[in-house]
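**Student:** Here you go, one structure.
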Amino acid sequence: MGQKVHPVGLRLGIIKDWESRWFANREYTRFVLEDERVRRYLRRRFARGTMPEGDGRGRGRSRGFDGGIGTIEIERAAQNLKVTIHTAKPGIIIGRGGRGVDDLRAEIERLTDRVVHLTVQEVRQPELQAQLVAESIASQIEKRIAFKRAIRQAVTRSTRAGAQGIRAICAGRLGGAEMARRYSHREGKIPLHTLRADIDYGFTEARTSQGNVGIKVWIYRGDILPEAKEKPPTPPPPQEREVREPRRPKVRRVPAEEVEAMRAEAAAAAEAASTLEPEAAPPEGPEAGAAAEAGETSSEAGAAAEAGETSPEAGAAVEAGETSSESAESPESAEPTVSADADSEEEKR
């Protein structure tokens, strides 16, 4: 006897995640029953062909309705309940102006006595969701479409959408036959024993006048490889530095007119400097007084020489002028000058 294992349950914790995510110790059983009650209510309310109202047990009015629900995820945090519905027809669940979401939230809060946060997410590729593919096959069988045609069309659409493998099986009174039988169709590969293989599984039943027809679908969407460990970045190899020649200074060519103007300005500046040269400052201190006396004596001697005086006084003045000039040139010979002056005074007497 072959032992069958659920493809999703076999891969939980490896490449698949749980649809109910919460932790509990004593209230574990109560939480599990609440999750099952919520899922059953949502699937019955948006089942194919009927929309039960009231308590969600099939009572009340019914009308044509199909929500196209794929998976229902439930998360818990304290007294809050977060429900995420993955559907191929979000407009049907949301309703006009979001009234459908508000009514649905109120019903779930009544069932669980908790604060409910409801989220509706659209399934972009329903052909790759096994549950939605099984629902579409069941709806066609209920409309009396040939089961072979329905299965082959579903397999073809999934293959075109990017599935690497698909397998569909339907069993029951196919075509209204007296004896139940099984029919299966397969394309691609379905590696059920490969844990890294992303395989989705869906099951539903088609309710016909002759009885129920069970439908199972497996879809292989490729492998999910573990993320490689990030390696430290390798430093780039050292690059050889290019030896660049030193840049030559840029030489600006000065036009001839500017050169002439610069030369004229330089000549004018030189002339102005020569006219404004300062005169030599007179000496200061005792040297200045001796020089002044020597100058007066020399001036008197010069005047006497011009007048042509031949008197001994003029000669004495001339000698005195020469002596004073020598004393001005060499201040160290001050004593001989004084003695010469004394001799001249005695001669005058």
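Taken together, the values in this text are just the output of simple stated rules run on the coordinates, not laboratory data. Nothing here was measured: the structure is a model prediction, and the numbers come from that model. With ideal geometry, Cβ positions are generated from the backbone for all residues, glycine too; neighbour counts draw on all protein chains shown.
**Student:** In this structure, is Arg110 basic (Lys, Arg), under 18 Å from Ala88 (Cα atoms) and not in a loop (DSSP other than H, G, I, E, B)?
**Tutor:** When the stated conditions are applied, Arg110 does not pass them.
**Student:** Anything in segment 6-51 that is assigned to a loop (DSSP other than H, G, I, E, B), over 14 Å from Ile72 (Cβ atoms) and in contact with a Leu (Cβ under 8 Å, 6 or more places away or on another chain)? List them, or say none.
**Tutor:** If the condition is that a residue be assigned to a loop (DSSP other than H, G, I, E, B), over 14 Å from Ile72 (Cβ atoms) and in contact with a Leu (Cβ under 8 Å, 6 or more places away or on another chain), then Arg11, Ile14, Ile15 are the ones that fit.
**Student:** Go through (1) surrounded by fewer than 15 Cβ atoms within 10 Å (Cβ to Cβ); (2) of a type in the set (Gly, Ala, Ser); (3) not in a helix (DSSP H, G or I) for Gly91 and report which single condition fails.
**Tutor:** (3)
**Student:** Can I ask one more? From the list Arg207, Arg167, Arg221, which residue is assigned to a strand (DSSP E or B) and closer than 18 Å to Lys4 by Cα?
**Tutor:** Of Arg207, Arg167, Arg221, the one residue that is assigned to a strand (DSSP E or B) and closer than 18 Å to Lys4 by Cα is Arg167.
**Student:** Continuing with the same structure: Select, from Val251, Val213, the only residue that is within 58 Å of the chain's Cα centre (by Cα), surrounded by 10 or more Cβ atoms within 10 Å (Cβ to Cβ) and not in a helix (DSSP H, G or I).
**Tutor:** When all the criteria are applied, what remains is Val213.
**Student:** Please specify each residue of segment 82-100 satisfying the condition of being closer than 18 Å to Phe23 by Cα and in contact (Cβ under 8 Å) with a residue 40 or more places away in the chain.
**Tutor:** Val83
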